[in-house]
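The values are calculated or read from the model by the stated rules, or taken from the named source; none is laboratory data. The structure presented is a predicted model; accordingly, all values stated were derived computationally and were not measured. Here the Cβ positions follow ideal geometry from the backbone for every residue, glycine too, while neighbour counts run over all protein chains shown.
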Amino acid sequence: MAPPRRALVMGASGFVGSHVTRKLVERGDDVRVYLRKSSKTFGIDDLSVERCYGDLYDEQALRSAMADRDVVYYCVVDTRFHLRDPAPLFETNVNCLKRVLDIAIEADLYRFVFCSTIGTIAIGEGRPATEDDAFNWPGIGGPYIESRLEAENLVLRYARERGLPAVALNVSNPYGPHDWQPNQGLMVKLAAHGQLPVYVKGVSTEVVGIEDVADAFLLAAEHGRVGERYIISETYMPMRELLTTAADGVGARPPRFGIPLAVMYAAGWVNGVVSRLLRRDPVIDVTGVRLLHTTSPADHGKATRELGWNPRPAAESIRKAAQFHVDHAEDVARRS
């Protein structure tokens, strides 16, 4: 087991960041988190951690937060792929990240572990994709993927050219407990409540348990090679299986009807047109549908070989996620 370290988690109020924080506390590390005053901290409120407040524009607060830390776990990301104006995506995911990196290179860190995405990994051609495959789907994933690719390249360039001891983790769709503000987990939440009668035919995606993701972050801080990226995903799972696993795990009715992908594209197109006319952000548009299905199997063998990462079956975490959402709803009902 690695010795306890002095850790800073940035983005600790998010799903990934909160679980990384939890694992660090369980290991006995000296844990500091960097938060905005407005952050919803349900995922870490039961943990004893040092809280520092600021934002990504507050250089003094950032420097103070990184002072005397060994490892920075950077889990800050804007995932709003549906924005009509993509400027906020690039501002948070790239410009603000650069500001953090400029401070990090002066902080004498042992590691800077960066939360990237499976969306920067190539689409496999006849075999599972690996970290060595060049990105091969430009223009398809829209501004969100473009901003995340630019962010990952920025981190790796700082490692290569400026000495930042950075490691990037390409995390796929995570599922598990304590998903207080579900993003990828929203469909699992609906399935757990029996509120999702349909699934999209022919759609599969890479999935992983959130607790295994957190394990990967800690392992990357100890064993990750500087300037390298690692796929953090357990398996490639059909949407129907994912939703049925969630529903069956809590005794809910699983989705029964399959919707053709063409119907989703039509709905995304209509929603996009209406949203533009009403000058509001769409719930989902054509780009969102592309992100739903433009994926391929990925190989996490590098993370196993180099980090010692051995994820559990993602289905276990999907069932835990479903149970969390049911238990949370029952708890809210008791208190109301």
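Hey, among the residues in segment 126-155 that are assigned to a loop (DSSP other than H, G, I, E, B), of a type in the set (Asp, Glu) and in contact (Cβ under 8 Å) with a residue 12 or more places away in the chain, which one's farthest from LYS302 (Cα to Cα)?
Top of the filtered list is ASP133.
Can you run down the residue pairs with Cβ atoms below 7 Å, 6 or more apart or on separate chains, where the first is in segment 79-92 and in contact (Cβ under 8 Å) with a residue 60 or more places away in the chain and at negative phi and the partner is among the aliphatic types (A, V, I, L, M) and crowded, with 16+ Cβ neighbours inside 10 Å?
These pairs meet every condition: ARG80/LEU89; PHE81/LEU291; HIS82/ILE284; LEU83/LEU89.
Kindly provide the set of residues from segment 78-133 that are of a type in the set (Asp, Glu) and either touching a Lys or Arg at 6+ places or on another chain (Cβ under 6 Å) or within 25 Å of GLU161 (Cβ to Cβ) (or both), ordered by number.
Matches in segment 78-133: GLU91, ASP102, GLU106, ASP108, GLU131, ASP132, ASP133.
In this structure, is THR294 of a type in the set (S, T, N, Q) and touching a helix residue (DSSP H, G or I) at 6+ places or on another chain (Cβ under 8 Å)?
Here the answer is no, as THR294 does not meet what is asked.
Which condition does GLY163 not pass, out of (1) within 21 Å of ASP299 (Cα to Cα); (2) surrounded by fewer than 17 Cβ atoms within 10 Å (Cβ to Cβ), if it passes all the others?
Unmet condition: (1).
What are the residues in segment 272-298 that are basic (Lys, Arg) and either under 18 Å from the mean Cα position of the chain (by Cα) or surrounded by 16 or more Cβ atoms within 10 Å (Cβ to Cβ) (or both), if any?
ARG290
Look at LEU83 and say whether it is touching a helix residue (DSSP H, G or I) at 6+ places or on another chain (Cβ under 6 Å), hydrophobic (A, V, I, L, M, F, W, C) and at pLDDT below 95.
no
Are there any pairs with C-beta distances below 7 angstrom linking a residue in segment 272-299 that is at pLDDT below 75 to a residue that is assigned to a strand (DSSP E or B), with the two at least 6 apart or on different chains, and if so which?
That search, which allows pairs on different chains as well, returns nothing.
Which of the residues spanning segment 80-125 are among the charged types (D, E, K, R) and assigned to a loop (DSSP other than H, G, I, E, B)?
ARG80, ARG84, ASP85, GLU106, ASP108, GLU125
Among the residues of segment 6-49, which ones are surrounded by fewer than 24 Cβ atoms within 10 Å (Cβ to Cβ) and of a type in the set (D, E, K, R)?
If the condition is that a residue be surrounded by fewer than 24 Cβ atoms within 10 Å (Cβ to Cβ) and of a type in the set (D, E, K, R), then ARG6, ARG22, LYS23, GLU26, ARG27, ASP29, ASP30, ARG36, LYS37, LYS40, ASP45, ASP46 are the ones that fit.
Only one of GLU234, GLU306, GLU228 is surrounded by 15 or more Cβ atoms within 10 Å (Cβ to Cβ), touching a residue at least 40 places away in the same chain (Cβ under 8 Å), under 18 Å from PRO174 (Cα atoms) and not β-branched (Val, Ile, Thr); which?
Every option except GLU234 fails the conditions.
Out of the residues in segment 246-271 that are among the aromatic types (Phe, Trp, Tyr) and within 27 Å of the chain's Cα centre (by Cα), which is farthest from LEU291 (Cα to Cα)?
So, considering only residues that are among the aromatic types (Phe, Trp, Tyr) and within 27 Å of the chain's Cα centre (by Cα), the one farthest from LEU291 (Cα to Cα) is TRP269.
Which fully enclosed helices (runs of 4 or more DSSP H) of segment 186-263 have 3 or more residues being at pLDDT below 95?
186-192
Taking interchain pairs and intrachain pairs at least six residues apart, which have beta carbon atoms under 8 angstrom, with the first residue in segment 242-264 and within 24 Å of PRO313 (Cβ to Cβ) and the second among the hydroxyl-bearing types (Ser, Thr, Tyr) and part of a helix (DSSP H, G or I)?
Note: pairs meeting the criteria are PRO254/THR244; PRO255/THR244.
Quick one: in segment 61-77, of everything that is touching a residue at least 60 places away in the same chain (Cβ under 8 Å) and part of a loop (DSSP other than H, G, I, E, B), which residue is surrounded by the fewest Cβ atoms within 10 Å (Cβ to Cβ)?
Ranking the qualifying residues of segment 61-77, first place goes to ASP68.
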